[in-house]
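Undergrad: First the structure, which I've put down as structure tokens, then a few questions once you've had a look.
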Amino acid sequence: MDLTNAVAVVTGASGGLGAHFSRMLTDQGATVFGLARSTDTLNALENELGEAFHPITCDVRAEAQVEAAFETVNSEAERLDVLINNAGLGQFGPVDDLDTDAFDVQMDTNVRGVYLCTREVVPTMRAQNEVSGFGGHIVNVASIAGLLGNPNISAYNASKFAVRGFSEAVMKEVREDGIRVTCLYPGSVDTNFFDVAGSEMTENPLQPEDVAATVRHVLASPPNHLISEVVMRPLRPHREE
Ligand SMILES: NC(=O)c1ccc[n+]([C@@H]2O[C@H](COP(=O)([O-])OP(=O)(O)OC[C@H]3O[C@@H](n4cnc5c(N)ncnc54)[C@H](OP(=O)(O)O)[C@@H]3O)[C@@H](O)[C@H]2O)c1
């Protein structure tokens, strides 16, 4: 896809990977609607990226807020080419010490949020496919934790394994409608994620701009080409540079 003049929605755009995805997309000439809960941080990103970035305050767990956000997108943009389902969080700890709220917030954000946003874009993308022969591209940010279980991240593992299953199912469901679905499985990335998760980041993580460059490559793939899964890891996770 040529990203010049494309229209994208990025969830969790206020920081970390989402801010880097938004920057990469606006650098390519796309218009980005960035969703997150923190209005101030979204507005600061708008100041940096300019009028191509449209902040929308939205909690992806809340059905009515997601519906309202996509109503705004549909009224302000004539099309919708890219959805990056990136909003997410971890809350780590032993399973017998993990309270129900911590379990629920991970499932609600990482899984329910992906479902709520995906279902908003599929009809639009299907209609676009009828007109142009290409519907659009949905990128779901899972994690290496969507492939490998590990101690003390059971709820996060459960949520990201769910993103994997959801992505594969939807990919097979909509590919004939000209809609690509890609699931990303990054290892540790240098963001605020680990502060929220209550855990130490690995010494030598991936850089978010490098993950964004990989997504740019995935989005730019040729018409009859679907990169359905991408696993990325730091080469030397335990070696400080
Ligand atoms: N960092 C890593 O090592 C790593 C590795 C693999 C996968 N991931 C995945 O990458 C994604 C982005 O994480 P990150 O590393 O960029 O972490 P981050 O720096 O903590 O950013 C998380 C983003 O998600 C947003 N968010 C959280 N809950 C939300 C909600 N209910 N509604 C809307 N937005 C919400 C946050 O914004 P607000 O607080 O303003 O809402 C923030 O913009 C997540 O899905 C994460 O699981 C991260």
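Any read-out appearing in this document is the output of simple, stated calculations on the displayed coordinates, not a laboratory observation. If you're wondering where the values come from, they're calculated on a predicted model, not measured in any experiment. Cβ placement follows ideal geometry from the backbone for every residue including glycine, while neighbour counts extend to all protein chains displayed.
Undergrad: Between rounded, prolate and oblate, where does the chain land on the alpha carbon gyration tensor, with a ≥ b ≥ c its root eigenvalues, rounded for a/c under 1.5, else prolate if a/b exceeds b/c?
TA: Note, shape of the chain comes out rounded.
Undergrad: What percent antiparallel are the DSSP beta bridges of the chain, to the nearest 5? Could the numbers behind the result be given before it?
TA: On the way: 0 of 28 bridges.
If I count the DSSP bridges inside the chain, around 0 percent turn out antiparallel.
Undergrad: Here's a follow-up. I want to check the label-to-label distance for Lys172 and Ser75. Put each point 7 Å from Cα in the C-beta direction and report it in nm to one decimal.
TA: According to this spin-label approximation, the distance is 3.9 nm.
Undergrad: For the range 43-169, rounded, prolate or oblate, judged on the Cα gyration tensor with a ≥ b ≥ c (square roots of eigenvalues), a/c < 1.5 rounded, else prolate if a/b > b/c? If you can, show how the numbers build up before the last one.
TA: Details: a/c = 2.35, a/b = 1.67, b/c = 1.41.
Because a/c hits 1.5 or more and a/b exceeds b/c, the range 43-169 counts as prolate.
Undergrad: If I take R0 = 22 Å and measure r between the Cβ atoms of Asn204 and Leu147 in this structure, what FRET efficiency does the formula 1/(1 + (r/R0)^6) give, to the nearest 0.05?
TA: Working: r = 20 Å, r/R0 = 0.92.
For R0 = 22 Å, the calculated efficiency reads 0.60.
Undergrad: Looking only at Val196, Val32, Val163, which one moves most when the chain is put into a Gaussian network model with springs between Cα atoms under 10 Å?
TA: Val196
Undergrad: Okay, moving on. Can you tell me the length gained on complete extension of the stretch Asp40 to Thr100, counting 0.36 nm per residue apart and subtracting the Cα distance?
TA: Details: separation 60, 0.36 × 60 = 21.60 nm, distance 2.93 nm.
Length gained, Asp40 through Thr100: 18.7 nm.
Undergrad: By the gyration tensor of its Cα atoms, with a ≥ b ≥ c the square roots of the eigenvalues, what is the shape of the range 139-241: rounded for a/c under 1.5, prolate for a/b over b/c, or oblate? Let's see the in-between values first.
TA: Numbers: a/c = 2.80, a/b = 1.51, b/c = 1.86.
The shape class here is oblate.
Undergrad: Follow-up question, since we're still on this one. For the chain, take the longest principal axis of its alpha carbons; what is the angle in degrees between that and the long axis of helix 63-76, to the nearest 10 within 0 to 90?
TA: Roughly 40 degrees between the two axes.
Undergrad: Say a paramagnetic label sat at a point 7 Å from the Cα of Arg216, along Cα to Cβ; which residues of the range 124-142 have their backbone N under 15 Å from it?
TA: Correct set: none at all.
Undergrad: To continue, here is another question. Which order results if Tyr185, Tyr115 are arranged by neighbouring Cβ count within 10 Å, fewest first?
TA: Starting with the residue having the fewest Cβ neighbours, the order is Tyr115, Tyr185.
Undergrad: Any idea what the relative contact order of the chain is, in percent, if you count C-alpha pairs under 8 Å spaced at least 6 apart? Display every interim value, and only then the final one.
TA: Working: 485 pairs, mean separation 47.6, N = 241.
Relative contact order, the chain: 20 percent.
Undergrad: Let me have the 222 nm mean residue ellipticity of the chain computed from DSSP H runs of 4+ only, each contributing -39500 (n - 2.57), with the sum over all residues rounded to the nearest 500. List each step's numbers first, then the result.
TA: Numbers: 8 runs with 103 residues, N = 241.
It lands at -13500 deg cm²/dmol.
Undergrad: Which order results if Lys160, Lys172 are arranged by neighbouring Cβ count within 10 Å, fewest first? Don't skip to the answer; put the middle values down first.
TA: Values: Lys160 27, Lys172 11.
Sorted ascending by nearby Cβ count, the order is Lys172, Lys160.
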